[in-house]
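First comes the structure, then the notes that go with it.
The numbers here are math on the coordinates, done by the rules we state, and not lab data. All values derive from a computational prediction rather than experimental measurement. Reconstructed Cβ throughout: ideal geometry from the backbone, glycine too, with neighbour counts over all protein chains shown.
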Amino acid sequence: MPPSRARHGGTRFARRSTARYLVLTSALALPVFIHSADTALADAPPPALVAQRPISTSVGQVRDARTLGQQVSVQRAADREVRRLRAAHRARFRWVMPIDNPGWSATFGEAGSEWSSGFHTGQDFTAPYGTPVMAAAAGTITFAGWSGAYGNKIEITQAHGNQTWYAHLSAIARTSGAVSAGEVIGYVGCTGNCFGTHLHFEVHPGGGAAVDPVPWLRAHHALPRAAP
Ligand SMILES: [Zn+2]
């Protein structure tokens, strides 16, 4: 064998040996590697516990979750209270027509000697004798009885002091106490200074001078669409 071939052959053998060594050592190392991996996995907590750890072990986060829950329940209770107060406010300050489907007669401010004050201080609603008259707004009955030119009259004072007056009634159904908007308080008639069955209705903001009831009722969403 020429030296050159032997040298080449030796080199080939060396290369082959190195490859065999690598294969052999790799095969031997594989179980070690797998074992090491098993050990590493065994030492680590299960993935589920890892995921739960921040919630189940963090006192601060549990406390935060409780605080958030309390905030939500407190907010819901506050929302319920706001809705209750709004409903109570609507019921307390809601306005309705004192008569259903009335006719429209003398308006506020008309001048004439037939009125004791020289001009008409309310709005007249015509309706058949005995038609129920309702409280236009909730309040307390602060007067119920005979009142000269007004005939049988009821005054209701609202929580903020506004007054509604109902005159010429044929009969008074409620003489005292609290009434709600829409509650029947009396019946249409023609008592006192009256020339035809009707309800004379007045509005006194804050208990002061009378104002035109029509724009007042309109502003308080009580006027029917057919109103003039
Ligand atoms: Zn009148």
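In this simple spin-label approximation, ALA178 and THR126 carry label points 7 Å from Cα along the Cα→Cβ vector, and these lie 3.9 nm apart. Our Cα-only numbers for segment 103-219 put the radius of gyration and Dmax at 12.8, 36 Å.
Close amide H pairs (under 5 Å, H built 1.01 Å from N) link ILE185 with VAL133, MET134, ALA135, residues at least 5 positions away or on another chain. Counting pairs of alpha carbon atoms under 8 Å apart in space and at least six apart in sequence, what relative contact order in percent does segment 103-219 give? Averaging sequence separation for qualifying contacts and normalising by length gives 29 percent for segment 103-219. A protection proxy built from the mean count of other Cβ atoms within 10 Å ranks the segments 150-156, 137-143, 217-223, most packed first, as 150-156, 137-143, 217-223. Across segment 137-153, rounded Karplus estimates of 3J(HN,Hα) from the backbone phi angles (6.51 cos²θ - 1.76 cosθ + 1.60, θ = phi - 60°) give 8, 5, x, 10, 6, 9, 7, 8, x, 7, 9, x, 4, 6, x, 6, 9 Hz, Gly and Pro being marked x.
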